[in-house]
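Below is one structure; the comments refer to it alone.
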Amino acid sequence: MLAAELGRLTAETLYLVLLVSAPSLLVSLGVGLVIGLAQAVTQVQEQALAFVPKLVAVAIALAVGGPWMGAELVRFTTQLWSAIPSLVP
């Protein structure tokens, strides 16, 4: 019983990590791909050209998706705290 509950909580934790980190990672991947293609076409290999747009895009993604991410983390934390009595024998 306890092992099954811990396994479920572990799986839900990993799923939440993937869910919450996905928007930032996908935005960074998309911007990096576009910048990489632009650098390959123009043959300009400047590191700041790749870093600054990704930084700005991820900051915007976090600003837009931040409330949702925070709400998901609060929901999970509340659920975790309420599950503690059932985990303690």
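Read-outs throughout are calculated quantities, based only on the coordinates presented, and are distinct from any laboratory measurement. A quick note: this is a predicted structure, and the numbers were derived from the prediction, not measured. Note that each Cβ is placed from the backbone with ideal geometry, even for glycine, and that neighbours are counted across all protein chains shown.
The table below gives the values:
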| quantity | calculated |
| --- | --- |
| Out of L37, L6, sole residue that is free of Cβ contacts under 8 Å to residues at least 40 places away in the same chain and either of a type outside the set (D, E) or out of contact with any helix residue (DSSP H, G or I) (no Cβ under 6 Å at 6 or more places or on another chain) (or both) | L37 |
| Residue list for region 35-54, restricted to those being exposed (fewer than 12 other Cβ atoms within 10 Å of the Cβ) and hydrophobic (A, V, I, L, M, F, W, C) | L37, A40, V41, V44, A48 |
| Unmet requirement for L62, which otherwise passes all of (1) assigned to a helix (DSSP H, G or I); (2) free of Cβ contacts under 8 Å to residues at least 24 places away in the same chain | (2) |
| Number of positions in region 1-53 that are within 12 Å of the chain's Cα centre (by Cα) and over 19 Å from E72 (Cα atoms) | 2 |
